[in-house]
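> Right, I'll just put the structure down here and ask away after.
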Amino acid sequence: MQLSEFREPFAFDGTGDGARIGVLVLHGFTGVPYAMRPLADAYAARGFAVRLPLLPGHGTNWRDLARTPFRAWQAATRSAYDQLAARCDHVFVCGLSMGGCLALDLAADTPTVAGVVLVNPAIALSDPLLPLLPALQWVKASIPAIGDDIKKPGQTEHAYERTPLRATRSMTKLFRRTVAKLDLVTAPLLVFRSRVDHVVPARSSALILDRTASADTEEVVLQNSLHVATLDNDAPLIIDRSLAFIDRLSR
């Protein structure tokens with residue numbers, strides 16, 4: 001299947017002195033790289049090496065995601081990180097929503113991660129259906145997606161219109177495994193959290209800040225964006241603050 005432009009992964013090998021810095025950028029559950037392109041493009045414009053993969057099961061049909069286990073997302077994350085680590089002195093990881101969970105999962109297993117940038121990271125959800133998923137996934141294949149939680153008019157993240165319950169259960173397994181090893185995350189953290197988010201509860205970011213072992217953490221509360229803040233009104237702020245974070249840690 002020929003992927004349309006907003007679903008395409010993005011790769012840039014860097015230029016000049018900036019090429020010694022790598023940034024792995026990760027989109028969220030049911031989403032596509034388009035949601036993270038503003039950040040990836042800004043990092044590339046600074047000359048950084050960038051990898052923004054299309055996670056397995058995404059960008060095609062929600063039924064493909066239903067057949068994709070969380071270990072495939074972990075493997076794609078690791079592969080992209082290794083590509084950057086082979087060529088860069090410092091590699092940062094930036095993730096939106098579930099991409100944030102994958103970033104933390106990688107950082108817990110990889111002490112060489114130079115820093116982690118999280119945008120409305122999903123590591124805990126509050127949906128009352130979650131306890132029912134083991135049985136419900138066999139009764140109902142999918143539910144309507146909670147997509148385009150964006151305040152800025154005219155924006156869309158091009159995510160799936162359906163959320164497969166089997167993949168949702170797999171994602172919750174990833175959450176549990178990552179929460180269990182948050183104390184292994186020692187990399188500096190920059191966490192962006194929207195004051196109003198209809199997808200991920202504020203306790204998700206609070207859990208991360210409470211459980212990780214990093215001595216260098218900062219939370220920035222976004223006042224004018226919803227869940228997909230990378231496409232929302234505060235995207236320029238996220239770009240500026242994350243660039244400053246990367247600059248400080250890669251001197």
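The values are calculated or read from the model by the stated rules, or taken from the named source; none is laboratory data. Values in this document were obtained by computation on a predicted structure and should not be read as measured data. Positions of Cβ are backbone-derived with ideal geometry, glycine not excepted, and every protein chain shown enters the neighbour counts. The accessibility values were calculated without ligands, DNA or RNA, using every heavy atom of the protein model including side chains. Shrake-Rupley method; radii C 1.70, N 1.55, O 1.52, S 1.80 Å.
> Which of the aspartates and glutamates could a cross-linker bridge to Lys152, judged by Cα under 20 Å and excluding same-chain residues fewer than eight apart?
Asp41, Glu161, Asp197, Asp232, Asp234, Asp240
> Let me ask something else. Between Ser97, Ser170, Ser79, which gets the highest mean-square fluctuation from a Gaussian network model of the chain, Cα cutoff 10 Å?
Ser79
> With axes computed from alpha carbons, what is the tilt in degrees of helix 70-85 against the longest principal axis of the chain, rounded to the nearest 10 within 0 to 90?
For 70-85 against the chain, the angle is about 10 degrees.
> Specify the residue with the greatest mean-square fluctuation among Pro53, Pro111, Pro164, computed from a Gaussian network of the chain linking alpha-carbon atoms under 10 Å apart.
It is Pro111.
> Counting DSSP beta bridges with both partners in the range 10-250, what percentage is antiparallel, nearest 5? Mind dumping the intermediate values first?
Values: 6 of 30 bridges.
Just about 20 percent of them are antiparallel.
> Here's a follow-up. Describe numerically, in nm with one decimal, the distance between label points set 7 Å from Cα along Cα→Cβ at Glu161 and at Arg241.
3.5 nm
> A further question follows. What residues have an amide H closer than 5 Å to that of Asp216, excluding those fewer than 5 places away on the same chain, when H is modeled at 1.01 Å from N in the peptide plane?
So Asp216 has HN proximity to Leu189.
> Using a 1.4 angstrom probe on heavy atoms only, work out the carbon and sulfur share of the accessible area of the chain in %.
52 percent
> For every other residue with a beta carbon closer than 13 angstrom to the beta carbon of Pro33, add +1 if it is Lys or Arg and -1 if Asp or Glu, then tell me the sum. Kindly include the intermediate steps, with their values, before the conclusion.
On the way: positive: Arg7, Arg37, Arg51; negative: Glu5, Glu8, Asp41, Glu157.
Its environment carries a net charge of -1.
> Tilt of helix 235-249 relative to the longest C-alpha principal axis of the chain, in degrees (0 to 90, nearest 10)?
50 degrees
> Next up: Under a GNM of the chain (C-alpha, springs under 10 Å), which listed residue has the highest mean-square fluctuation: Leu125, Leu26, Leu222?
Judging by the Gaussian network model, the answer is Leu125.
> Taking a spot 7 Å from the Cα of Arg63 along the direction of its beta carbon, which residues of the range 150-178 have an amide N less than 18 Å from it?
160-168
> Also, quick follow-up: Quick one: accessible area per residue over the chain, 1.4 Å probe, rounded to a whole number of Å²?
43 Å²
> Related question: If a/c stays under 1.5 just call it rounded; otherwise compare a/b with b/c (prolate if a/b is bigger, oblate if not). Do that for the range 171-251, with a ≥ b ≥ c from the square roots of the Cα gyration tensor eigenvalues.
Oblate.
> Quick one: 3J(HN,Hα) in Hz for the range 222-232, Karplus 6.51/-1.76/1.60 with θ = phi - 60°, rounded, Gly and Pro as x.
Couplings: 8, 8, 10, 9, 9, 4, 7, 5, 5, 10, 10 Hz.
> In terms of modelled amide H atoms, which long-range or inter-chain residues lie less than 5 Å from the amide H of Leu26?
When sequence neighbours closer than 5 places are left aside, the close amide H contacts are Cys94, Gly95, Leu96.
> A follow-up question, please. At what distance in nm do the modelled label points of Ile146 and Asp13 sit from each other, each positioned 7 Å from its Cα along Cα→Cβ?
Modelled inter-label distance: 4.2 nm.
> Okay, moving on. Below 11 angstrom from the Cβ of Ala44, what's the summed charge of the other residues (Lys, Arg +1; Asp, Glu -1)?
+1
> What's the angle, to the nearest 10 degrees (0 to 90), between helix 98-109's Cα axis and the longest principal axis of the chain?
Once rounded, the angle reads 60 degrees.
> Name all residues of the range 197-237 having a backbone nitrogen under 11 Å from the label point set 7 Å from the Cα of Ala45 along its Cα→Cβ direction, giving them as ranges.
Within reach of a label on Ala45, which here means backbone N under 11 Å from a point 7 Å along Cα→Cβ, the range 197-237 contributes 236.
> Another question, then. Within the set of other residues whose C-beta is less than 13 Å from the C-beta of Ala159, count the net charge using Lys and Arg as +1 and Asp and Glu as -1.
Net of charged neighbours comes to -2.
> Roughly how many Å is it from the Cα centre of the range 1-34 to that of the range 173-251, as a whole number?
Computed from Cα coordinates, the inter-centre distance equals 19 Å.
> How much mean residue ellipticity at 222 nm does the chain get from its helices, if each DSSP H run of length 4 or more adds -39500 (n - 2.57) and you divide by all residues, to the nearest 500 deg cm²/dmol?
Rounded to the nearest 500, the figure is -11000 deg cm²/dmol.
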